[in-house]
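The values are calculated or read from the model by the stated rules, or taken from the named source; none is laboratory data. The structure presented is a predicted model; accordingly, all values stated were derived computationally and were not measured. Positions of Cβ are generated from backbone atoms using ideal geometry, with glycine treated the same way; all protein chains shown enter the neighbour counts.
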Amino acid sequence: MNIVKRLIKGKTEEFLNLLKDKGFIFKTLPTAIVRAEGEGIYINLYNSGKVLFQGKNLEEIVNSFPQNLFYPQTIALEPETIYLGGDESGKGDYFGPLVCCVFLFDPKFKDEIKDMPIRDSKKLTTLQVFSVAKRLIKLFPHKLLILPPKEYNTLYSKIKNLNYILSKMYIRGCKEMIEKFSPPIVIIDQFSNKKEISRSLNKLYPDLKIKEVTGAEEYLGVACASIVARFGFLAELKKLSNLFNFPFPLGSGTAVRKAKEDFCKLYSREKLFEVGKLNFCLTPTDEAG
């Protein structure tokens, strides 16, 4: 059994001192800050703040540490647990669609992906995203939901809430995957404090364990979802660029503001409805997009 915790920033020294006091022996690992070994217990501390507990009687060991050391978002996963991971892309990009991926992670394929850079897609290059996503798509069942700018803008004009739109996309994707594969756990990268996804899915599937957590990409299934979601976003953005023969930049910064004005000169301001998220306020005087 494994338990994953996330160490609160600034608590590393305190945590290491507690490990020493408890008699753990420190070893070096190329991928971790330290590996602490006790009697049948192994604890890896990573640069990201992730703490991986392995061994027997883990709950007793974890609970022996002050819980204010950790963020309250631990999920215990047996090594063989199949679960759904969810992440999104396009939420911070003016141009292009809103995308989310619900990904069925099966640990039996771990050896087949161990050579891949599986992590938050924001830490990968575009080339890596395309290369890794294509391999993941062949190995794992998943649901990729893409909301093009036209449909997004139509929905937003009625709902006025991006997070609500995204929650509904996740719920739809999760329902489809749960009906097909009946996973016991769903882990989604949290983007809202309202936990709309958890409430909706728990009504439908009372026995399902659902966790919406920040920084959930530390779980392989969520990191895989992050990569596939970004792949879906980038592929759709490329289609838009080809359709309009226009290089749409990523994000929502200065380059995007300039590209928006250049696009309007080439086409029209009305055409932005087909390529951008109009609720984004890129400049103080251009709130309507």
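When the residues of segment 188-221 are narrowed to those that are part of a strand (DSSP E or B) and within 9 Å of the chain's Cα centre (by Cα), which ends up surrounded by the most Cβ atoms within 10 Å (Cβ to Cβ)?
I188
Considering (1) within 24 Å of E80 (Cα to Cα); (2) surrounded by fewer than 19 Cβ atoms within 10 Å (Cβ to Cβ), say which one I185 fails and leave the rest.
Unmet for I185, out of (1) within 24 Å of E80 (Cα to Cα); (2) surrounded by fewer than 19 Cβ atoms within 10 Å (Cβ to Cβ): (2).
Could you list, in sequence order, the residues of segment 6-33 that are over 20 Å from A216 (Cα atoms) and in contact with a helix residue (DSSP H, G or I) (Cβ under 7 Å, 6 or more places away or on another chain)?
Within segment 6-33, E14, F15 qualify.
Please return the ranges of strands (runs of 3 or more DSSP E) entirely within segment 1-80 where 2 or more residues are under 23 Å from P117 (Cβ atoms) and not hydroxyl-bearing (S, T, Y).
2-7, 34-37, 41-45, 50-55, 70-77
Which one is surrounded by the fewest Cβ atoms within 10 Å (Cβ to Cβ), of the residues in segment 222-254 that are hydroxyl-bearing (S, T, Y) and more than 19 Å from the chain's Cα centre (by Cα)?
T254
How about segment 150-161: which of its residues are at pLDDT 95 or above and surrounded by 14 or more Cβ atoms within 10 Å (Cβ to Cβ)?
Y152, N153, L155, Y156 - these are the residues of segment 150-161 that are at pLDDT 95 or above and surrounded by 14 or more Cβ atoms within 10 Å (Cβ to Cβ).
Let me confirm something: among K180, K168, K143, which residue is assigned by TED's automatic domain parsing to the domain that holds D207 and surrounded by fewer than 14 Cβ atoms within 10 Å (Cβ to Cβ)?
K180
Scan segment 148-171 and tell me whether some residue there is closer than 28 Å to K50 by Cα, of a type in the set (K, R) and touching an Asp or Glu at 6+ places or on another chain (Cβ under 8 Å).
Among the residues of segment 148-171, not one is closer than 28 Å to K50 by Cα, of a type in the set (K, R) and touching an Asp or Glu at 6+ places or on another chain (Cβ under 8 Å), which makes the answer no.
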